[in-house]
Amino acid sequence: MPSVLHDVPVMPPPQAPPRKRWTREQVAAAEASGVFDGEKLELINGELINRMPKNWPHVEIFMAMLFWLEAAFGRSFVAGEAPVDVHPADNPTSEPQPDAIVLERDLTAYRRAKPQPQDLRLVVEISDTTLAFDLTVKAALYARAMIADYWVLDVKGRRLIVHRDPAPEGYRSVDRKSTRL
């Protein structure tokens, strides 16, 4: 009969390697020095996220959405892929770049200063590969910033997910609507 080993060392659970946390200032300095060499990055909760290359369904939906927003709100109130400020506590380590924003005032009103969360009527993300991230991490950032309307266009699920009634702990109203995307 084989003997049982009682003194087998137990391996500790694996730990994630340490990560470099970034601030907006550090990212701006690195971009200015050419460190990122034109890479498309987004700063979220102190981490640099590679902005995924757009596939054709994303581009097609982005263009249709942009045309619709411009028709509904006016061309001078809509911006595509613009960085936005979030809650003051999140701003030092986050600068999301949603696919589109709709502003309270004409774009020319923001020449000297970036629009603040209260200046954003609507924030839109188009999700074909980042749905879980957009529905959790980004939704939390936008809700803490009290951005009234946050829409996620779910490309694969062919639906529009509308977030409203922001609170510090998240959006209190989330409505899913099927769409013909």
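The values are calculated or read from the model by the stated rules, or taken from the named source; none is laboratory data. Everything quoted here is computed from the prediction, not taken from an experiment. So basically every Cβ, Gly included, is an ideal-geometry build from the backbone, and we count neighbours across all protein chains shown. These accessible areas exclude ligands, DNA and RNA; they are computed on the full protein's heavy atoms, side chains included. Shrake-Rupley method; radii C 1.70, N 1.55, O 1.52, S 1.80 Å.
Scanning segment 54-106 for residues that are modelled with pLDDT under 95, of a type in the set (Val, Ile, Thr) and out of contact with any Pro (no Cβ under 7 Å at 6 or more places or on another chain) yields 59, 61. Looking across segment 94-130, the residues that are open to solvent by 40 Å² or more (accessible area, probe 1.4 Å), in a helix (DSSP H, G or I) and not small (Gly, Ala, Ser) come down to 107, 108, 118.
Only one of the numbered conditions (1) closer than 26 Å to residue 59 by Cα; (2) over 15 Å from the mean Cα position of the chain (by Cα); (3) not in a loop (DSSP other than H, G, I, E, B) is not met by residue 165, and that is (1). Might you let me know whether segment 45-59 holds any residue that is hydrophobic (A, V, I, L, M, F, W, C), surrounded by 10 or more Cβ atoms within 10 Å (Cβ to Cβ) and assigned to a helix (DSSP H, G or I)? Checking segment 45-59: at least one residue is hydrophobic (A, V, I, L, M, F, W, C), surrounded by 10 or more Cβ atoms within 10 Å (Cβ to Cβ) and assigned to a helix (DSSP H, G or I). Looking across segment 28-55, the residues that are over 27 Å from residue 121 (Cα atoms) and hydrophobic (A, V, I, L, M, F, W, C) come down to 29, 30, 32, 35, 36. A search for C-beta distances below 6 Å between a residue of segment 65-84 that is within 12 Å of residue 126 (Cβ to Cβ) and any residue that is part of a loop (DSSP other than H, G, I, E, B), counting only pairs 6+ apart in sequence or on different chains, returns 81/97. Looking only at residues that are among the small types (Gly, Ala, Ser) and either modelled with pLDDT of 90 or more or assigned to a helix (DSSP H, G or I) (or both) in segment 1-33, which one is nearest to residue 81 (Cα to Cα)? Filtering segment 1-33 for residues that are among the small types (Gly, Ala, Ser) and either modelled with pLDDT of 90 or more or assigned to a helix (DSSP H, G or I) (or both), the one nearest to residue 81 (Cα to Cα) comes out as 28.
Here residue 162 meets each of (1) touching a residue at least 24 places away in the same chain (Cβ under 8 Å); (2) under 17 Å from residue 120 (Cβ atoms) with one exception, condition (1). Of all the criteria given as (1) free of Cβ contacts under 8 Å to residues at least 12 places away in the same chain; (2) assigned to a helix (DSSP H, G or I), the one not satisfied by residue 172 is (2). Within segment 142-158, residues that are in a loop (DSSP other than H, G, I, E, B) reach partners that are open to solvent by 30 Å² or more (accessible area, probe 1.4 Å) with beta carbons closer than 6 Å, at six or more positions or on different chains, in the pairs 145/87; 155/57; 158/179; 158/181. Figure legend. Inter-residue proximity from segment 31-44: first residues without any contact (Cβ under 8 Å) to a residue 60 or more places away in the chain and of a type in the set (A, V, I, L, M, F, W, C), second residues open to solvent by 30 Å² or more (accessible area, probe 1.4 Å) and assigned to a strand (DSSP E or B), beta-carbon distance below 9 Å, spacing 6+ or different chains. Indicated pairs: 36/48; 41/48; 41/49; 41/50; 43/49; 43/95.
Hey, can you tell me all the residues within segment 66-78 that are in contact with a Phe, Trp or Tyr (Cβ under 9 Å, 6 or more places away or on another chain) and open to solvent by less than 20 Å² (accessible area, probe 1.4 Å)?
The one that is in contact with a Phe, Trp or Tyr (Cβ under 9 Å, 6 or more places away or on another chain) and open to solvent by less than 20 Å² (accessible area, probe 1.4 Å): 69.
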